[in-house]
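What follows is one structure encoded as structure tokens, with my remarks underneath.
The values are calculated or read from the model by the stated rules, or taken from the named source; none is laboratory data. This is a predicted model, so every value here is computed, not measured. Counting neighbours? That spans all protein chains shown, and the Cβs are built from the backbone with ideal geometry, glycine included.
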Amino acid sequence: MQDKEHQVWAQKILVYLINHIKNFSGGDKFITYGELAKSLGYPEPHRGNLFSANIGETLGLMGHMFDEVVIEGKEVPFLQALIVNQSYKIPSNGFKEFYPDYPNLSTKKKRDLAQIEYERIFQFGSRWEKLLKILGIENNEGVNLEDNDKKLGGIILMVVKDLLNIELLEIILQKTQQLLEFKKIS
């Protein structure tokens, strides 16, 4: 996959995970890599080294989208911790991108770390929607891509009204350009 494709998929996964949190009604908080890929139609293969490399790069990019974002005094939790491998039900060692010592932890300590992160993720609450707004990403659950053309102007206007910070506007414009580039590829 090319960088632009990873960027598009990172945004889709971000929205998917935020909706997972929003609609959570009990059961496992995590989602396996395979379930995520199938649910979103992520490019195949959905197994093996190529899949691991691709999904790892996409999730890493997603995590870095909000590296320095703070909302209401809270750092954004590591949302990608919700994605786990099928066998052990913990994030893979690629999580070292955000926790450098992660590969050296025992399986129990990895599970403990994941549980702590799950609590942070679910306690973040309505801030997830604010994050999407800051990043200029619409939560278009159930919306056709064609509808985005009509909504894009309204989204930009709404975000500009809400945000007067020039740095954030630059990020929003960059994300909007990425969305438009994705639409050209499609």
Identify the single condition in (1) surrounded by fewer than 17 Cβ atoms within 10 Å (Cβ to Cβ); (2) of a type in the set (Lys, Arg); (3) over 14 Å from the mean Cα position of the chain (by Cα) that Lys29 does not satisfy, given that it satisfies every other one. (1)
With the structure loaded, tell me whether Phe98 is without any contact (Cβ under 8 Å) to a residue 60 or more places away in the chain and within 15 Å of Tyr16 (Cα to Cα) or whether it fails that test. no
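Suppose we filter Lys96, Lys89, Lys109 for residues that are part of a loop (DSSP other than H, G, I, E, B), over 20 Å from Asn140 (Cβ atoms) and either in contact with a His (Cβ under 7 Å, 6 or more places away or on another chain) or of a type outside the set (Gly, Ala, Ser) (or both); which single one remains? Break it down into steps so the answer makes sense when it comes.
Working: Lys96 fails: part of a loop (DSSP other than H, G, I, E, B); Lys109 fails: part of a loop (DSSP other than H, G, I, E, B).
The unique qualifying residue is Lys89.
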Quick check, is Phe95 within 24 Å of Lys133 (Cα to Cα) and not assigned by TED's automatic domain parsing to the domain that holds Ile134? no
Condition first: out of contact with any strand residue (DSSP E or B) (no Cβ under 6 Å at 6 or more places or on another chain), at pLDDT 60 or above, aromatic (Phe, Trp, Tyr) and surrounded by fewer than 18 Cβ atoms within 10 Å (Cβ to Cβ). Can you find one or more residues in the stretch 100-116 that meet it? no
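May I ask you to verify whether Asn19 is polar (S, T, N, Q), crowded, with 16+ Cβ neighbours inside 10 Å, in a helix (DSSP H, G or I) and not assigned by TED's automatic domain parsing to the domain that holds Glu138?
no
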Just to be sure I understand, how many residues within the stretch 35-65 are out of contact with any strand residue (DSSP E or B) (no Cβ under 9 Å at 6 or more places or on another chain) and over 17 Å from His20 (Cα atoms)? 19
Within the stretch 54-74, which residues are more than 23 Å from Gly41 (Cβ to Cβ) and either crowded, with 17+ Cβ neighbours inside 10 Å or in contact with a helix residue (DSSP H, G or I) (Cβ under 7 Å, 6 or more places away or on another chain) (or both)? Phe66, Val69, Ile71, Glu72, Lys74
